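Input: a single structure, listed below in structure tokens.
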Amino acid sequence: MKYTFNWSVLWTGESGQWLLSGLIVTLELSALAWLLAVALGVVSGALRTVKFRPLRAVATFYVEFFRNVPLLVWMFFWYFGVPPFLPEVIREWMFGHGLEFWAGVLALGVYSGARFSEVLRSGIQSIPRTQMEAAVASGLTTFQAYRYVILPVALRIIIPPGTSESLNLLKNSSLALTISVAELTFQTRQIETYTAKAIEALTAGTLIYLVLCIGLASIMSWVERRTAIPGLITSGGRRR
Amino acid sequence: MMESIASGLDVIWRNLPFLMIQGFLGFGNFVGGTLRLAIPSIVLGFLLGIFIGIGRLAPQRWIRLPATLYVEFFRGVPLVMVIFWMWFIIPIVLKTAIPEFGVALTAFVIFEAAYLGEIVRAGIQSVPRGQVEAATAVGLSGVQTMRHVVLPQALKNMIPSLVTQFIVLFKDTSLASIIGFMDLTKAAQVVNNREIRPFPIYLFIAVVYWVCTYSMSRYARYLEKRIGPA
């Protein structure tokens, strides 16, 4: 099999448009899933450190079950398994409004939330116990102590591992192609299908992912330096 | 409600041999198996990872730079992309198509070696400098020091992270189903195409994956406690 390169397939025809729309879908999917993941991660990560046992058990179940099953299985589960149980009206609406996209957001968000949760928990546990005791002693309720004392510090501590989890989320969004969400990897495959130029198409997709990941990592290392707590974080803007 | 649970369990029961023996273990009419892919992937990936981890710490720039680029490249790209790369490139390079197993195995080894390389590097760096100096003082060469003094100690420190990475790899093998490899996930898809009962089928394989990964993560935690920080 002799392979002849033809890079022009990337800028002729509809390739450029496909890549651009794939990039946008990847970013939309990742952003929405990220919001869901952070919300779930913060709540369940905090709950795993509270004294009240039942709350801790619920959070632990969520984290251990969702984190330990492949994301691909969750994609199929949310896309094929769950919709039949929804009421007729909602199902009709969802089929008309990109069911695969929302299933993808849910699968990626709930899965990554369990991973964020572990990051946050280790962040909270790295804060000295005396902080919590001081907060309670000065008259804050447990909720207030978490809201005003523990979480603001924990969220700044976890920026480096949080960044690396966020990049994982971005890369994992490529799995949504299996439930036919037209994201970047899906569009890369589409170019390959139409032009039969696999290497060119894959190079374009790979480069876009690399630029996204390296770009985000650099931005976050700048954020990390800006939000560093003096005397607490000494790593000082190390990338990943 | 009760009826639907019973019929769901019945679907699982009827397809259990196919899911577990063909999909999970890899014995049957198809080339497949989650375990049959995961185990050689971690072994070969680790062997390549040792070289990359050592390369990352090499004093020579011409070794260090490619090893660093390798790690940074593969950690910035989704695994699905790497699988597609192998899927298209191997036939071009070898001038012949190879089975899905070979494609998936190559992709996993190359991809995981980047992550395993970082674990090896961290393991080597966790060995106190004095050990290297002592080895040099008693007259061992660089390679001998690495082989007989540093690596054995580094390996012990690496074990918990290696188990954790194996869990990640074990979950990642589900991606081989995308190119048609008959692993547990693909077997579930095949069964679902026949039965059209996605909820119980996908929930069942989720539980199978969970039982494996969770017991491995408990084991990693136990090892961490037993070995303790170096």
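Where a number appears in this text, it was derived from the coordinates with a stated rule and is not lab data. Quantities reported herein were computed from a predicted structural model and do not represent experimental measurements. Cβ sites come from the backbone with ideal geometry, for glycine too, and all protein chains shown count toward neighbours.
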Taking the Cα centre as origin and putting +1 on Lys and Arg beta-carbons and -1 on Asp and Glu beta-carbons, what dipole magnitude results for region A:1-102, to the nearest 20 debye? 660 debye
Of the candidates B:162, B:57, B:203, which one comes out as most mobile in a Gaussian network treatment of chain B with C-alpha springs shorter than 10 Å? B:203
Using only Cα atoms, locate the centre of region A:53-82 and the centre of region B:38-113, then give the distance between them in Å, rounded to an integer. 30 Å
Would you mind giving the mean number of other chain beta-carbons within 10 Å of the Cβ of each residue in B:201-207, as a whole number? 5
Considering only C-alpha atoms, what is the centroid distance from region A:180-215 to region B:198-229, in Å? 33 Å
Peptide-level mean, for A:190-200, of C-beta atoms on other protein chains within 10 Å: 1
Could you name the lysines in cross-link range of residue A:51, using Cα to Cα under 28 Å and dropping any fewer than eight places away on the same chain? B:225
Along the Cα→Cβ direction, 7 angstrom out, place labels at residue A:125 and residue A:53. What is the inter-label distance in nm? 1.9 nm
Order A:215-222, B:27-34 from most to least packed using the mean count of other Cβ atoms within 10 Å. B:27-34, A:215-222
Give the relative contact order (percent, whole number) for region A:138-240; include only Cα pairs under 8 Å separated by 6+ residues. 32 percent
Taking the Cα centre as origin and putting +1 on Lys and Arg beta-carbons and -1 on Asp and Glu beta-carbons, what dipole magnitude results for region A:26-182, to the nearest 20 debye? 660 debye
On a full-extension model of 0.36 nm per residue, what is the gain between residue B:57 and residue B:140, subtracting their alpha-carbon distance, rounded to one decimal in nm? 28.0 nm
Among B:47, B:178, A:21, which residue has its Cα positioned farthest towards the positive end of the charge dipole of the protein assembly as shown, with +1 placed on the Cβ of Lys and Arg, -1 on the Cβ of Asp and Glu, and the dipole taken about the Cα centre? B:47
Packing-based ranking, highest mean first, of B:215-224, A:109-118 given that Cβ atoms within 10 Å are counted: A:109-118, B:215-224
Across peptide B:67-74, what mean number of C-beta atoms from other chains lies inside 10 Å of a residue's C-beta? 1
Where does region A:26-182 land on Rg(C-alpha)/(2.2 N^0.38 Å)? 1.17
Once you place label points 7 Å from the Cα toward the Cβ at residue A:138 and residue B:92, how far apart are they in nm? 6.2 nm
Let a ≥ b ≥ c be the square roots of the eigenvalues of the Cα gyration tensor of the protein assembly as shown; is it rounded (a/c under 1.5), or, if not, prolate (a/b larger than b/c) or oblate? rounded
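Taking 0.36 nm per residue of sequence separation and subtracting the Cα-Cα distance, how much length would be gained by fully extending the chain between residue B:227 and residue B:147, in nm to one decimal?
26.7 nm
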Against the longest alpha carbon principal axis of chain A, how many degrees, from 0 to 90 and to the nearest 10, is the axis of helix A:198-227 turned? 20 degrees
Relative contact order [Cα under 8 Å, 6+ residues apart], region B:97-172, whole percent: 40 percent
Helix A:15-47: angle to the longest alpha-carbon principal axis of chain A, degrees 0 to 90, nearest 10? 20 degrees
Mean residue ellipticity at 222 nm from the helices of chain A, using -39,500 (n - 2.57) per DSSP H segment of n ≥ 4 over the full residue count, to the nearest 500 deg cm²/dmol? -22500 deg cm²/dmol
With n ≥ 4 as the cut-off for DSSP H runs, can you work out [θ] at 222 nm for chain B, using -39500 (n - 2.57) per run divided by the number of residues, rounded to the nearest 500? -25000 deg cm²/dmol
Cβ-based charge dipole, chain A, positive-most Cα from A:187, A:132, A:76: A:132
Fluctuation leader among B:81, B:182, B:158 - chain B, Gaussian network, Cα springs under 10 angstrom: B:81
Based on Cβ point charges of +1 for Lys and Arg and -1 for Asp and Glu, what charge dipole magnitude is obtained for chain B about its Cα centre, in debye rounded to the nearest 20? 540 debye
Take the alpha carbon gyration tensor of region B:87-230, find the square roots of its eigenvalues, order them as a ≥ b ≥ c, and report rounded if a/c is under 1.5; if not, report prolate when a/b exceeds b/c, else oblate. oblate
Per the charge dipole of the protein assembly as shown (beta-carbon charges, Lys/Arg positive, Asp/Glu negative, Cα centre), the residue among B:12, B:146, A:153 reaching farthest to the positive end is B:146
Between the helical axis of B:100-125 and the dominant principal axis of chain B, each derived from Cα atoms, what acute angle in degrees is found, rounded to the nearest 10? 40 degrees
Contact order relative to length for region B:20-81, counting C-alpha pairs under 8 Å separated by 6 or more residues, stands in percent at 15 percent
Extension reserve of the residue A:97-residue A:229 stretch, reckoned as 0.36 nm per residue once the Cα distance is removed: 43.1 nm
